[in-house]
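Since the structure comes first, as structure tokens, the remarks are kept for the end.
The values are calculated or read from the model by the stated rules, or taken from the named source; none is laboratory data. Since the model is a prediction, treat every value here as computed from it, not as a measurement. Here the Cβ positions follow ideal geometry from the backbone for every residue, glycine too, while neighbour counts run over all protein chains shown. To get the accessible areas, we keep the full protein, side chains included, count just its heavy atoms, and leave off ligands, DNA and RNA. Shrake-Rupley method; radii C 1.70, N 1.55, O 1.52, S 1.80 Å.
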Amino acid sequence: MADIVTQLQDFVNELNGMFYNCVGVLQRDAKPAGTTADGELSDALPDDGREASEKQIKEMAAAVVQQSRKIDELASLLPEVDLDEHAQLGRIAELQAENDELDRELARELEASEKILAKATAAFEAATDKVLLSEDQPSTTGR
């Protein structure tokens, strides 16, 4: 199971998809607006049989409300955030100190790795020089 923040993101994404689909259905099924001979909007709406049903609208609304409730429930499970500025600055300082220590550790590891790489490169070069410059190699002139 994913952590609460990931679940919240997923539920919000689902809610956004629901909004998108609901608006699309309502736009698709909306009655076209009637106009008068002057080009003004008329209160008389033509009936072309495309209108969204009340049942369909209520079902979409219920699905959105249910998804919103899931989001509210998950949000209530999140730990309380310490809003005290002093505590937040203290936590930031702790995290920065931890980051600095990890940075120093990585620099030490990089330096040690570079030394090992230099030794391995030197050994490889020595081995290839020995093989390539060996007197046991047959002459390439062939005469």
Checked the stretch 1-44 for anything assigned to a loop (DSSP other than H, G, I, E, B) and either of a type outside the set (D, E, K, R) or surrounded by 13 or more Cβ atoms within 10 Å (Cβ to Cβ) (or both); matches are M1, A2, A30, K31, P32, A33, G34, T36, A37, G39, S42, A44
What do you reckon, is L74 at pLDDT 95 or above, surrounded by 10 or more Cβ atoms within 10 Å (Cβ to Cβ) and either in contact with a Pro (Cβ under 6 Å, 6 or more places away or on another chain) or not acidic (D, E) (or both)?
no
Can you tell me which of Q56, Q88 is assigned to a helix (DSSP H, G or I), closer than 21 Å to N16 by Cα and modelled with pLDDT under 90?
Q56
Kindly provide the set of residues from the stretch 56-71 that are touching a residue at least 24 places away in the same chain (Cβ under 8 Å), open to solvent by 60 Å² or more (accessible area, probe 1.4 Å) and β-branched (V, I, T), ordered by number.
I57
